[in-house]
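Down below is the structure, laid out as structure tokens.
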Amino acid sequence: MTVDQWHASPSRPPDATTDSATGEVRLRVALFQFDSLQGTIDLVFTRLEAAELYILLARALNGSGFSAAGRLA
């Protein structure tokens, strides 16, 4: 099975949790193939990765650009 037509959405309710001991940030997402739910998983980020993702998403939503490497411009 290929996953090229899959997408992920935050689970409802979209709660993120943090672990103060490790600094991990967890976000539960639902995985779909087309519109059919395939399951849920936790995306686990370091605090730095979560902060970087937040900045990247904010820039994308505000119309700012990304560099060719996909990093902050």
Self-check item: Residue satisfying all of: in the stretch 13-36; of a type in the set (D, E, K, R) and in contact (Cβ under 8 Å) with a residue 12 or more places away in the chain; surrounded by the fewest Cβ atoms within 10 Å (Cβ to Cβ) among these
Solution: Asp15
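May I ask you to list the residues in the stretch 20-39 that are among the charged types (D, E, K, R) and farther than 17 Å from Leu53 by Cβ?
Filtering the stretch 20-39 for residues among the charged types (D, E, K, R) gives 24, 26, 28, 35.
Of everything in the stretch 20-39, just one residue is among the charged types (D, E, K, R) and farther than 17 Å from Leu53 by Cβ, namely Asp35.
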Quiz item: Do you know which of the residues in the stretch 37-47 that are closer than 23 Å to Leu57 by Cα and either touching a residue at least 60 places away in the same chain (Cβ under 8 Å) or of a type outside the set (Phe, Trp, Tyr) (or both) is most open to solvent (accessible area, probe 1.4 Å)?
Solution: Arg47
Practice problem: Say whether the condition of being at pLDDT below 90, loosely packed, with under 10 Cβ neighbours inside 10 Å and under 19 Å from Asp4 (Cβ atoms) is met by at least one residue in the stretch 51-65. | Solution: no
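The values are calculated or read from the model by the stated rules, or taken from the named source; none is laboratory data. Fair warning: this is a prediction, and the values are worked out from it, not measured in the lab. No Cβ is skipped: glycine too gets one built from the backbone with ideal geometry, and neighbour counts run over all protein chains shown. Only protein heavy atoms, including side chains, enter the accessible area calculation; ligands, DNA and RNA are left aside. Shrake-Rupley method; radii C 1.70, N 1.55, O 1.52, S 1.80 Å.
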